[in-house]
Structures are given as C-alpha cells and as structure tokens.
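What follows is calculated from the coordinates using simple rules that are stated; it is not laboratory data. Here the structure is a predicted model, which means the values were calculated and not measured. We place every Cβ from the backbone using ideal geometry, glycine too, and count neighbours over all the protein chains shown.
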Amino acid sequence: MPFQLNDKIKNLSPYDPITGNYPIRLDANESFLAPDEPTLEAITRAVQGAAFNRYPDPYAGELCRGFAAFYGVDPQLCVAGNGSDELLSLLAQAFLQKGEKLLSFTPDFSMYRFYGTISETEQVVLEKSAALQLDVEAAIQTAAQQDVKLILFSNPCNPTSLGMSRADVLRLVEHTQALVVVDEAYMDFYDQSVLDCVAEYENLVVLRTCSKAIGMASLRLGFAVANETVIRAFRAVKSPYNVNALSQAIGTVVFSEPEKLRKGICSICASRDSLKAGLQALQLPQIVCLGADANFLYCSAQNAEALFAFLMNRGIIIRSFGEHLRITAGKPEENSALLQAVQTFYERGAGV
Ligand SMILES: *Cc1c(COP(=O)(O)O)cnc(C)c1O
C-alpha cells in the first residue's frame, strides 16, 4: 500500500484567510493602531539586544511578568504561547484524551472544533439561543449528562460580539467538573473578565491574546492564566521554546507602556461605538447590528453575500457568515468608507 493520509486529516483544507491587496481590512478583528515612533524605536533596540544565536527563555519569564503586571494577575499563574491558537491546540491535545468530550457552542470561534477534531476528541456542540446567548443551565446539564471534560467558549464571543456576565461564567465553572476554558480574546473591550478568579478554581482557564486589543497580531503571542496545577501541566506539555526571542522581547516592550495600551483600547472602543452609531444613523431596515461588545459588529443583513461582494469590489474586506456579517472597527475614515458603501448598496435597491 502506498502512503496515504489518515482519515482525520485527509479531507482538511488549509486555513485560507482572504489575501490580496484590499485597502480597507475590516475582516480579522485586528487593531487598527500601529506602534508609534517611540515604541518602534524601543522595539528596534530590543531586537538589537536579542541573543540571536541562543534559544529563548522557555518560560518567557520577562514577557509573562509584563503581561501579568498589565492585567494585575500573578505571573506564576501565566504561561505564554505562540498565539492563543497554540494554547487552544495544547488544550485539545493534552488536556483531553482521545475520545473524551469537548463541549463548545455555535455560533462561536470555529477553531475550537477544529483543534478538537485533530486531537480525536468527541465534540458536543450546543446551539445558542435565538438571541445568540450561551445557555448556562443547558451547558451545566449537558456537561454532567455526557461526562464532558472540557468546555470552551469565547467571551465576548467571536463572531456574535456579545458578552456574557461574569456571574454566568462563574456559575458554569462552579457547577461542572469539566475544565472551563474562557477565551477572553476580546475582554479588553468589555468588562466581565474572570481573570482575577483563576486561583480560586481548580477548573478555570482564561486565555488572552496580544492579537486584538494589544495590536500585535504579527508577534503571535497568547497567554493562558490558571491555577498552579494547570499552569504546571501547560509548561510540561508545551514545546520547550514555543515563543521566539523576538516576540518575547517585543512583547515585553509593548507591556512596558501600559498607559499607551489603555489609550489605544479606548480609541478602539470609541471606533466600535461610532461604527455602531453610524450604522444605526443610516436607518436602513435591511441591516441590523446584533452585537457590539468586542472590537467588531455582528450584523444580520439582507442579501448579505451580495453586500459582502459589493464591498470587496470597492476594496473593503469584512467577514461573512451566511446571513450575518462581522465588521471590525477600523480607523475613522475606514468606518466612513464602509458606511458609505453599505448605504449605496441598499439605496440602489440591491438589498431587496
Ligand atoms: C483572534 C482570536 C484569538 C487570537 O488568537 P491568536 O492565536 O492569539 O492570534 C483567540 N480566540 C478568539 C475567539 C479570537 O477571535
């Protein structure tokens, strides 16, 4: 028999984000803010000081201390990853054994199910309510009945841009024996974090990332925060030098400027609010914003696919999810261009 790919991977296709030259990118929930000159200079100095011929610190100690100081958590309870994607992959591979059950929800971040599939775990998926909310009672019941080992969701949710209350999250954590992983990739834009609770629970993991509010998607930096036992396990199962020296050095610079970070987050929130207000001001019944708790809007739209294509033709990229659209908050002029194009699309009668 010639070599053949196994069943679990043979039909997978590579992750395929929209590439190409589009002047306005509102598709990936990145920050629209790039580092300013003084920060770029500090980054340059940090890169020049890197020990290129040596392996990096396996535990990214300095970076974790910077991250921990910014978020007011204990650095001992943090582990850094090559993006939170690496940490998600580790959770599925190492914290679950083959055939054990992972509970996720729909709609939610599509990568959760992907990593679960690769690690040959069993997937249990609960539909969210018509209002796109995660039903905590149903999650507790399902987890108990089906002996779920790991529960994973984003808060605020990507793609719905709706947040859950901290009380609801903790109720779930307290009423299940599963490990509850709360992906707080967008929590900087909302205010219901459970980061401060990790030491109190055996079964709570919080994920954070530098890819959104911190404005450093290029570095691939994510963090898991949890109690000592869980963090020790993370350190034991990760590959030794998972975060490269340059990302560690640059990430450390970025977290050394907390005021700048906070200001940046404020201006992203302001952009999100003005994008939402701008959409409402168009008074188009064909497009309705359903969620705006993160740095993007989730909208239901008539003729969504055609609107998506129309925008793309005008050099504006957003994300489409069937009848829904996800629009990242951008610079003021990017938001205006988007709003203008949406108005043109529907006023031409294209949305009918
Ligand atoms: C963008 C995003 C992440 C970040 O992933 P990184 O690998 O850290 O870039 C994690 N979770 C969700 C839900 C996201 O939308």
Cut-off 10 angstrom, C-alpha nodes, Gaussian network model of the chain. Which of GLU41, GLU86, GLU334 fluctuates the most? GLU41
Cβ-based exposure ranking for ILE140, ILE327, in which fewest neighbours within 10 Å come first: ILE140, ILE327
Binned Cα-Cα distances of segment 42-105, short to long, each 5 Å bin given as a whole percent: 3, 13, 16, 19, 18, 13, 9, 4, 4, 1
Rg/Rh of segment 8-84 (Cα atoms, Kirkwood Rh), to two decimals, equals 1.06
Would you tally the net charge around THR142, using a Cβ to Cβ cut-off of less than 15 Å, leaving THR142 out, and scoring K and R as +1, D and E as -1? -3
Under 1.5 on a/c is rounded, so check that first for segment 83-205, then, if it is not, pick prolate when a/b is larger than b/c and oblate when it is not; a ≥ b ≥ c are the square roots of the alpha carbon gyration tensor eigenvalues. rounded
If I model a spin label at GLN97 and ALA34 as a point 7 Å from the Cα along the Cα→Cβ vector, what separation in nanometres do I get? 5.1
With each pseudo-label sitting 7 Å past Cα toward Cβ, what's the ARG314-GLU127 distance in nm, one decimal? 3.5
If I build a Gaussian network model for the chain, linking alpha-carbon pairs within less than 10 angstrom, which residue out of THR19, THR229, THR252 has the largest mean-square fluctuation? THR19
Expressed as a rounded percentage, what relative contact order does segment 203-255 have, with Cα pairs under 8 Å and six or more residues apart? 31
Rounded FRET efficiency, nearest 0.05, which uses the C-beta distance separating GLN302 from ALA138 and R0 of 35 Å: 0.70
If R0 = 25 Å, then THR106 and GLU200, at their Cβ-Cβ distance, give a FRET efficiency to the nearest 0.05 of 0.25
Mind checking which of PRO258, PRO159, PRO17 has the largest fluctuation in a GNM of the chain, springs on alpha carbons under 10 Å? PRO17
Report the normalised scattering of segment 217-287 as log10 I(q)/I(0) at q = 0.13, 0.26 Å⁻¹, calculated by the Debye formula with identical scatterers on the alpha carbons. -0.67, -1.15
What is the extension gain from GLU120 to ALA167, computed as 0.36 nm multiplied by their sequence separation minus the C-alpha to C-alpha distance, in nm to one decimal? 13.7 nm
Taking neighbour Cβ counts within 10 Å as the exposure measure, how do MET187, MET1 sort from fewest upward? MET1, MET187
Binned at 20 Å from zero, the C-alpha pair distances of the chain give percents of 29, 57, 14, 0
Can you put ARG272, ARG232 in order of Cβ neighbours within 10 angstrom, beginning with the fewest? ARG232, ARG272
Which of the residue pairs LYS128/LYS212; LYS101/LYS276; LYS212/LYS238; LYS10/LYS101 have a Cα-Cα distance greater than 32 Å in the structure shown? LYS101/LYS276
Computed P(r) (all Cα pairs; segment 210-352; 10 Å bins; percent): 10, 32, 24, 20, 11, 2
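In the P(r) worked out for segment 267-326, what percent of Cα pairs fall beyond 18 Å?
Numbers: 609 of 1770 pairs.
That fraction is 34 percent.
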Can you figure out the FRET efficiency of ARG65 with GLN145, using R₀ = 56 Å and their beta-carbon distance, to the nearest 0.05? 0.85
